[in-house]
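Reading through the structure tokens given below for one structure.
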Amino acid sequence: MLKKKILAIHLNEFNLEFLRKGANKYNCQNIKKILNYKVIKTYSQDKIQDKNLDPWVQSVSINTGIKSKIHKIYNLGEKIPNKLNQIWDILSKRNIKCAVWGAMNASYKKNDNLKIFFPDPWNNLISPRPIDLKYVFQFPKAYAQNYTDFKIINNLYSFLLFFLSCLKFGILTYFTKKIIFYLKIFLTSGLSNYFLFFLFDIISIKLFKNYTKNKELDFSLIFLNSLAHFQHNNWDEKKNYHKYFLLTEEICKIINQISLKYDDIIIYNGFTQKKIKTEFIIRPKNPNKFLKKIGVKFKKLNTNMTNGGILSFNNKRQKEISIKKLKNFNIFGYKLFKITNIGSNNFFFKIQIKSHSSFDNLSINPNKKKIIKEIFYDNKKLMLKKINLDYSFDNFKNDMVFIKTTGKHHYEGHLLMKNQLTKKNKIENKDIFLLLKNYFK
């Protein structure tokens, strides 16, 4: 009896209603094909964005079938304990040939049946397997972790390896054929972040298609983040909706092509986003330089996609001194950092202040009271203290960048499937693990 094959696409945080409206308005046939699959609802018991309702938390729950309060992985780039078995660990032990592509907060355990493992670009602990994929990995990783202060001159070597890999695996051939399509988008949007993230996702999924062309796989999991990125940062830009749907249509076209090699396909978002009134998160332009500027000494920094990261230290004393410095650091009376301890020589930091405004909307010489009123909010638990005169507004303005936020996480989501793999109309997102595990019974 032939073994069944299934393709799982984690299309992160897509809003189903937004996709439906746009697919109809712009007549996106490949999106419509996917939206015609059977749809069931999913949900998470986690409800708090920036605590447990985040993709790097929920992905671990989906991939292991374990609730976050049990697995306790809450930060992007955090090490996954060896005792946690992910869906591909279990299936590969059952002689099922697996490929994992871009899964967020994933770990690698050697198994001959785990044929491909390509980590997310915020993973500093694991390299891609097979080894030839590492040359594709380094450049997107460098951009993803440093996109607010990315300099191509500092990444020429990784860009060259990336370019040669794209040439080797037929990606440049694809873009040559589609040059008019992408040129039209580029001429109106430039190298905007949302366009670049879409390009990386398209290159990624096209690379997966070409790389696995002659490989026999029973289970493949692909994670894509560009739809979520647009919703988070550009959802208020109606002028860019058409480009969003053109690029999403291209992603769905490639997904539909890949799915021809499989008997079944499921597409899920983990949870969705809801559109919000525009606000801003605050991120250091160059987190590495900023932390050193304010006197924090560390061994290694692993930034996340928003405004925090994991700091590693040579010893416990160095860590404790750094925690004290960050906890006491304030700007105009507000404590800037939230600290979470995650290990003997590591901790996670995050800028906990958001803004109603951005630097562009402030007057040239704002007084401190106006800055506090216009920039800082959402600080009910933060007490106004003595103003830190050692760190001026000019320093703050030079060191920080305001990142627009237009979508927030919502605990409900959707799962789309080509064939009916469950009779349930609603499942907890961690039970997607069981759906995949039971598929190969």
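Note on Asp264 and His242: their simple-model spin labels are 4.0 nm apart, each label 7 Å out from Cα toward Cβ.
Among the protein heavy atoms of the chain, carbon and sulfur supply 53% of the accessible surface, probe 1.4 Å, non-protein parts ignored. Toward the positive end of the charge dipole of the chain, with +1 on the Cβ of Lys and Arg and -1 on the Cβ of Asp and Glu, the farthest Cα among Leu76, Met417, Ile180 is that of Leu76. Proximity of backbone amide H atoms, modeled 1.01 Å from N, is registered between Lys354 and Tyr377 at under 5 Å, excluding neighbours fewer than 5 places apart on the same chain.
Each Lys and Arg contributes +1 and each Asp and Glu -1, all at the Cβ; summed about the Cα centre of the chain, the dipole is approximately 800 debye.
Summarising the label geometry, the points placed 7 Å from Cα in the beta-carbon direction at Asp149 and Asn395 lie 1.5 nm from one another. Only loop residues by DSSP count here, and only those with at most 10 other Cβ atoms within 10 Å; note down the trypsin sites (Lys or Arg not before Pro) in region 107-145 that meet that. When the trypsin sites (Lys or Arg not before Pro) of region 107-145 are filtered for loop state and at most 10 Cβ neighbours within 10 Å, Lys110 remain.
Extending 7 Å from the Cα toward the beta-carbon at both Thr173 and Thr340 defines two label points whose distance is 4.5 nm.
Might you tell me the accessible area per residue for the chain, computed with a 1.4 Å probe and given in Å²? Write out the running numbers ahead of the final one.
Working: 20980 Å² over 441 residues.
On a per-residue basis, 48 Å².
Treating the beta-carbon of each Lys and Arg as +1 and of each Asp and Glu as -1, no other charges, what is the dipole magnitude of region 125-226 about its Cα centre, to the nearest 20 debye? Mind dumping the intermediate values first?
Working: 12 positive and 5 negative charges, 53 e Å.
Roughly 260 debye, rounded to the nearest 20.
Once the Cα-Cα distance is subtracted from the 0.36 nm per residue extended length, the Lys32 to Ser127 segment shows a gain of 30.6 nm. Cross-link pairs exceeding 27 Å between alpha carbons, from the set Lys4/Lys109; Lys239/Lys430; Lys110/Lys261; Lys134/Lys397: Lys239/Lys430; Lys134/Lys397. Here region 51-92 is scanned for amide nitrogen atoms under 20 Å from the site 7 Å beyond the Cα of Lys299 along Cα-to-Cβ, giving 75-82. Stretching Asn419 away from Lys437 to a fully extended chain increases their span by 4.9 nm, per 0.36 nm per residue minus the current alpha-carbon distance.
The values are calculated or read from the model by the stated rules, or taken from the named source; none is laboratory data. Nothing here was measured: the structure is a model prediction, and the numbers come from that model. All Cβ positions, glycine included, derive from the backbone under ideal geometry; neighbour counts span all protein chains shown. These accessible areas exclude ligands, DNA and RNA; they are computed on the full protein's heavy atoms, side chains included. Shrake-Rupley method; radii C 1.70, N 1.55, O 1.52, S 1.80 Å.
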